[in-house]
Amino acid sequence: MIDALVCTPVRVRPVSAGRLAYGACMHLLYHPAVPYEVRLGEVGPDQQQLVFARDLLASALHGQSAGEGQVRVRLEFLSSARNAVLLLTVGDPAEPLEFALKPATVADFLRQTYDLVPAGEEHRHVDVDGALGEILGDVA
């Protein structure tokens, strides 16, 4: 795994029945070598990470629900929150897990990632030859 160049602490609060629970500190992670993806990672020795597209966060911050399948993101006004939250829904759509993040924290994280790799320029940072070499191995 590649170490992140952008690492932003973020408070992640579980959501159940539209109510916010006490959260935990996690990190939003980004590296230009994998320019299309961001990671939401746990803090500690057994770090697990959720990997998803950077564009999902950007779309959600602009008011558009984004994603399908295992990861979905949208702005949401919850009765238990003073302001809108960025609601990250993961897992099986029949039994999803939902987590709330502060939109301002996510927006700051995205600004830092776009400073490194502007939107639409991701393809310039992808090592296609390296990826093909990994896939093909000794065949090539």
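Here are some notes:
- Sites ALA33 and PHE77 - FRET efficiency at Förster radius 41 Å, r taken between beta-carbons, to 0.05: 0.65
- Label positions at ALA107 and HIS62, each projected 7 Å from the Cα along the C-beta direction, are separated by 1.5 nm.
- Here, the chain yields an orientationally averaged convex hull projection of 10.1 nm² when only Cα atoms define the hull.
- Additional length obtainable on full extension of the chain from ALA119 to SER16, 0.36 nm per residue less Cα span: 33.7 nm
- Placing +1 on each Lys and Arg Cβ and -1 on each Asp and Glu Cβ, with no other charges, gives the range 1-64 a dipole about its Cα centre of roughly 300 debye.
- Net charge in the neighbourhood of VAL117 (other residues with Cβ under 10 Å of its Cβ; Lys, Arg +1, Asp, Glu -1) is -1.
- Difference of contour (0.36 nm per residue) and Cα-Cα distance, GLN48 to GLU134: 28.6 nm
- Dimensions of the range 58-102 along the principal axes, based on C-alpha atoms and rounded to the nearest Å, stand at 28, 22, 12, largest first.
- Chymotrypsin sites (Phe, Trp or Tyr not before Pro) lying in DSSP loop within the range 1-87, provided at most 14 other Cβ fall within 10 Å: TYR22, TYR36, PHE77
- Checking every one of the trypsin sites (Lys or Arg not before Pro) in the range 62-112 against DSSP loop status and a limit of 16 other Cβ atoms within 10 Å picks out ARG82.
- Spin-label model, ASP92 to GLN70: label points 7 Å out along the Cα-to-beta-carbon direction sit 1.5 nm apart.
- Accessible area per residue in Å² at 1.4 Å probe, computed on the chain: 62
- Computed per residue of the chain from DSSP H runs no shorter than four, each worth -39500 (n - 2.57), the mean residue ellipticity at 222 nm is -6500 deg cm²/dmol.
The values are calculated or read from the model by the stated rules, or taken from the named source; none is laboratory data. Because the structure is a prediction, the values reported are computed rather than measured. Backbone-built Cβ (ideal geometry, glycine too); neighbour counts: all protein chains shown. When the accessible area is computed, the model is the full protein with side chains, heavy atoms only, and any ligands, DNA or RNA have been set aside. Shrake-Rupley method; radii C 1.70, N 1.55, O 1.52, S 1.80 Å.
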